[in-house]
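In what follows, a single structure is set out as structure tokens and then discussed.
The values are calculated or read from the model by the stated rules, or taken from the named source; none is laboratory data. Predicted model, so just to flag it, every value in this text is computed and none were measured. Every residue, glycine as well, gets a Cβ built from its backbone with ideal geometry; the counts of neighbours run over all protein chains shown.
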Amino acid sequence: MKHYFSLIIILLIVSVFSLYADSKIKVVTTLPDLKSITEEIGGDKVDVFAIATGYQNPHFVDPKPSYILKLAKADLFVTVGLDLETGWVPPLLNSARNAKIQKGSEGYIDASTNVPLLQVPSSVNRAEGDIHIYGNPHFWIDPVRGKQIAENIFQGLVKASPDNQNYFQTNLKTFNDRIDTKTKEWITRMAPYKGSKIIAYHNEWPYFEERFGLKIVDFLEPKPGIPPSPNQLVKVIGEIKRENIKVIISSPYFTTESADLVARQTGAKVVVLATSVGAEEHIKTFFDLFDYNVNKLVEAFK
Ligand SMILES: [Zn+2]
């Protein structure tokens, strides 16, 4: 008899825990940055999994069966959109066969919705392998656009769990207020370097550049997604010398050979910035991302 009681108690505990786990909104995001923002707004009501790591090139992620399992059980899916993840998201969503999160469903959140975009071409053209054909998709590397991303995620969370609307709303306000405060602080720190000319490896910084008053003169890639060519490097070396450029910014997932070569020829410094949360172990939130990049740049320009 005693055994039965213990068994019943154990079963009760297990079912309470599984109820609790099930009550959370299961969210899958493509990037860790979207995960961080979802956690800011969703708080303890969400259980979030990010497919890509912060040190992976977000254009090229290898689909794994474990991602499909996560997507199959998800209530919400958050994607950057445009053509950032074109190569890997559609096959994953197809395989997951989860109607809740297919494009057009309520559980599919396109983070680019209502985000003011830069570099939107007048016509869609994949000529020479260009992978930014709907406008520049790296808009999350701007704290202020992070507020629109948060708004889009908020809308999705409210649809998934209307009872928690007030809770999400409060978290959204806290997030937005903190972004405003921190952005002022970051802009102040970058102010002495306003107008500084730099070179970037891949064209993923226009939003960051605009927010913090930098001037990106050229890229090591001749076109987004096309590896640096000797001609392009010669051109960039000329520009660095002519314009007295001191800094080349790169990202964790690019090889260092071409940037190092240009640096050796010109004396410019290569600075590897973080393009996503998790690029370095201590970059744990969307706020850490900008703290890290601003610190790195201030250090480089000094
Ligand atoms: Zn790109």
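Taking the condition of a type in the set (Val, Ile, Thr), more than 16 Å from the ligand (Cβ to nearest atom), farther than 27 Å from residue 59 by Cβ and assigned by TED's automatic domain parsing to the domain that holds residue 157, does residue 174 pass?
Values: of a type in the set (Val, Ile, Thr): yes; more than 16 Å from the ligand (Cβ to nearest atom): yes; farther than 27 Å from residue 59 by Cβ: yes; assigned by TED's automatic domain parsing to the domain that holds residue 157: yes.
Answer is yes for this residue.
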Considering only region 198-213, how many residues are within 20 Å of the chain's Cα centre (by Cα) and over 16 Å from residue 84 (Cβ atoms)?
6
With the checklist (1) modelled with pLDDT under 95; (2) touching a Leu at 6+ places or on another chain (Cβ under 6 Å); (3) hydroxyl-bearing (Ser, Thr, Tyr) in hand, flag the one item residue 67 doesn't pass.
(1)
Which of the strands (runs of 3 or more DSSP E) contained wholly in region 187-302 include at least 1 residues that are in contact with a Leu (Cβ under 8 Å, 6 or more places away or on another chain)?
197-200, 247-250, 269-272
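Give the residue, chosen from 182, 194, 246, that is charged (D, E, K, R), surrounded by fewer than 14 Cβ atoms within 10 Å (Cβ to Cβ) and away from the ligand (no atom under 16 Å from the Cβ).
Details: 182 fails: surrounded by fewer than 14 Cβ atoms within 10 Å (Cβ to Cβ); 246 fails: surrounded by fewer than 14 Cβ atoms within 10 Å (Cβ to Cβ).
Criteria check complete, one pass: 194.
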Selected residue [under 21 Å from the mean Cα position of the chain (by Cα) and farther than 27 Å from residue 39 by Cα] from 195, 225, 238:
225
Considering residues of region 258-288 that are within 18 Å of residue 218 (Cβ to Cβ) and of a type in the set (D, E, K, R) only, the residue surrounded by the most Cβ atoms within 10 Å (Cβ to Cβ)
269
Determine which member of the set 187, 149 is under 30 Å from residue 226 (Cα atoms) and modelled with pLDDT of 95 or more.
149
Can you confirm whether residue 160 is surrounded by 14 or more Cβ atoms within 10 Å (Cβ to Cβ), over 16 Å from the mean Cα position of the chain (by Cα), touching a residue at least 40 places away in the same chain (Cβ under 8 Å) and assigned by TED's automatic domain parsing to the domain that holds residue 25?
yes
All-but-one check, residue 222 against (1) modelled with pLDDT of 95 or more; (2) touching a Pro at 6+ places or on another chain (Cβ under 8 Å); (3) of a type outside the set (S, T, N, Q); (4) within 16 Å of the ligand (Cβ to nearest atom), failing number (1)
Could you give every pair whose Cβ atoms fall below 8 Å, whose first residue belongs to region 83-95 and is closer than 13 Å to residue 70 by Cβ, and whose second residue is more than 16 Å from the ligand (Cβ to nearest atom) and of a type in the set (Lys, Arg), counting only separations of at least 6 or pairs across chains?
93/103
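Of the residues 219, 139, 154, 168, only one is farther than 18 Å from residue 288 by Cβ, without any contact (Cβ under 8 Å) to a residue 40 or more places away in the chain and aromatic (Phe, Trp, Tyr); which?
Values: 139 fails: without any contact (Cβ under 8 Å) to a residue 40 or more places away in the chain; 154 fails: without any contact (Cβ under 8 Å) to a residue 40 or more places away in the chain; 168 fails: without any contact (Cβ under 8 Å) to a residue 40 or more places away in the chain.
Answer to the check: 219.
Within region 121-144, work out how many residues are surrounded by fewer than 22 Cβ atoms within 10 Å (Cβ to Cβ) and either within 16 Å of the ligand (Cβ to nearest atom) or over 17 Å from the mean Cα position of the chain (by Cα) (or both).
So in region 121-144, the residues surrounded by fewer than 22 Cβ atoms within 10 Å (Cβ to Cβ) come out as 121-131, 133-136, 144.
From what is left, the residues that are either within 16 Å of the ligand (Cβ to nearest atom) or over 17 Å from the mean Cα position of the chain (by Cα) (or both) are 121-131, 133-136.
Looking only at that region, the number is 15.
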Quick one: count up the residues across region 84-120 that are over 21 Å from residue 52 (Cβ atoms), more than 16 Å from the ligand (Cβ to nearest atom) and either in a loop (DSSP other than H, G, I, E, B) or in the same structural domain as residue 200 (by TED's automatic domain parsing) (or both).
6
